[in-house]
Amino acid sequence: MNRFKNLTVYTIAIFLITLVSCNSNNNSMSSTTMDVIHQRTSIRKYQNRPVSKEQLEMLVKAGMAAPSAMNKQPWQFIIVEDKEILQALGKDIQTSKMVQQAPAAIIVCGDMQKAGEGWLQQYWIQDCSAASQNILLAITDMGLGGVWASIYPAPERMKIVGSILNLPEHIIPLNIIPVGYPDEPQSPKDKWDAKKVHWNKFGE
């Protein structure tokens with residue numbers, strides 16, 4: 001009887017320990033995700049230190065994990081490590097000067113052949129933006145730095161990038177994300193503004 005009682009107490013103890021452990025892990029995962037979101041910041045200066053192909057592929061994989069309208073996944077990603085191409089991308093586009101210093105860059109593009117038809121086609125912008133944010137968060141999580149350098153919808157920027165990367169007409173560059181190890185102290189900005197939060201109806 002005592003052996004059975006001891007076994008029961010032991011079993012309950014193991015169950016409680018496991019339950020606490022699971023809750024702890026769930027809280028930890030949630031906290032880590034929130035930390036990454038709030039730690040993300042724009043980095044424009046990079047160390048003279050290479051980023052591995054494995055890291056770059058992990059970033060693009062994170063981008064492809066983003067949601068997309070009707071699951072069209074209308075994106076293409078161009079990973080650039082070539083120094084001459086990086087120099088060219090940053091030379092004539094004012095918003096992309098930092099690309100010249102970065103060891104690598106990811107160009108997020110919309111693929112019009114994979115997007116929806118008619119007005120649905122415009123969802124590519126949201127889809128590729130979601131993919132871009134995933135990449136930026138993954139960059140932060142990996143201890144790297146990056147920044148969203150906009151290309152679309154500026155016609156001249158799109159033309160320059162298209163020419164440098166030999167993009168066909170159905171591929172539209174949304175942005176350039178330089179990737180590297182941060183070479184500047186940069187604290188994330190606190191962007192919380194309670195005045196921009198409305199409950200149930202606007203203004204309430």
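Side notes on the structure shown:
- Segment ASN200-LYS61, length gained on full extension (0.36 nm per residue, minus Cα span): 46.4 nm
- For the range 63-204, the fraction of 1.4 Å probe accessible surface lying on carbon and sulfur atoms is 51 percent.
- Pairs from the list LYS97/LYS189; LYS61/LYS159; LYS91/LYS159; LYS45/LYS91 with a Cα-Cα gap above 18 Å: LYS97/LYS189; LYS61/LYS159.
- Cα centroid separation, the range 119-186 to the range 64-105 (Å): 5 Å
- Averaged per residue, the range 21-143 has 56 square angstrom of accessible surface, using a 1.4 angstrom probe with ligands and nucleic acids left out.
- Net lengthening on full extension, LYS114/LYS189 (0.36 nm per residue, minus Cα-Cα): 23.4 nm
The values are calculated or read from the model by the stated rules, or taken from the named source; none is laboratory data. Treat the numbers as computed from the prediction; the structure is a model and nothing was measured. Ligands, DNA and RNA are excluded from the accessible area calculation, which covers all protein heavy atoms including side chains. Shrake-Rupley method; radii C 1.70, N 1.55, O 1.52, S 1.80 Å.
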